[in-house]
Amino acid sequence: MQVGCAIQGAEIYNNDIRNYGVDDKAVQNNGIQIGEGTGGLCYNNRIINGTGTGIIVLGYGDNILFNNVIVGAGKNGIYCDKRFTPGTGFKFINNTIINPRLDGINVNAQGLQNKVFNNLIVNPGNYDKYEADNTFKNGDYAFVNFGSSTESSNNYFEKDINKVGFIDPKSNFDLLS
């Protein structure tokens, strides 16, 4: 699903997207793509198993993503990149991201007031890669990788899905308590 040039007030919500990007065409294989020039809300979406990023945000910079469940993204759970006319910043709140092949949330939006709060991220694929690369990045960068001015707090990161307390770690990602 792609939305672009909705300058303000866009709302993307209550979608159930499964097995996206079956042709695996670069930049056309994402679950939800919020394109350049778009500002607004993206919430209550379930994005399950695909070849690309669960949600990619290239929008205006006034985007708020919250209460989304992303499982089995073929790239990042969420990827954010500021583009031509950035707003004040991107906000990622209360999202659940499980088993992305790369990073849980990757924010590439320097100079904005980005916020990453209360997200649950489980088993990002880049964790072991960053641990082994012997660079400035350690495994924690795989949960939230922000090479930009991003405020991050109250996020829960876990490698082992069985330690999280999901009702069913294979199919029901609601928490037991």
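For the reader, a short list of remarks on this structure follows.
- Taken together, the residues in segment 7-56 that are within 20 Å of GLY104 (Cα to Cα), among the β-branched types (Val, Ile, Thr) and at pLDDT below 95 amount to 2.
- The strands (runs of 3 or more DSSP E) found entirely in segment 23-63 that carry 3 or more residues being within 14 Å of LYS91 (Cα to Cα) are 40-43, 55-57.
- For segment 141-152, a tally of residues being under 15 Å from GLY104 (Cβ atoms) and among the small types (Gly, Ala, Ser) returns 3.
- Residues located in segment 57-67, provided they are among the aromatic types (Phe, Trp, Tyr) and modelled with pLDDT of 95 or more: PHE66
- If the condition is being assigned to a loop (DSSP other than H, G, I, E, B) and surrounded by fewer than 18 Cβ atoms within 10 Å (Cβ to Cβ), then segment 126-147 contributes ASN134, THR135, PHE136, LYS137, ASN138, GLY147.
- When residues in segment 148-171 are screened for being part of a strand (DSSP E or B), free of Cβ contacts under 8 Å to residues at least 24 places away in the same chain and surrounded by fewer than 17 Cβ atoms within 10 Å (Cβ to Cβ), 2 of them pass.
- Criterion (of a type in the set (A, V, I, L, M) and more than 19 Å from TYR156 (Cβ to Cβ)) met by exactly one of ILE64, ILE121, ILE78, ILE98: ILE64
The values are calculated or read from the model by the stated rules, or taken from the named source; none is laboratory data. Quantities reported herein were computed from a predicted structural model and do not represent experimental measurements. Methodologically, a virtual Cβ is constructed for each residue, glycine included, from the backbone with ideal geometry; neighbour enumeration extends over all protein chains shown.
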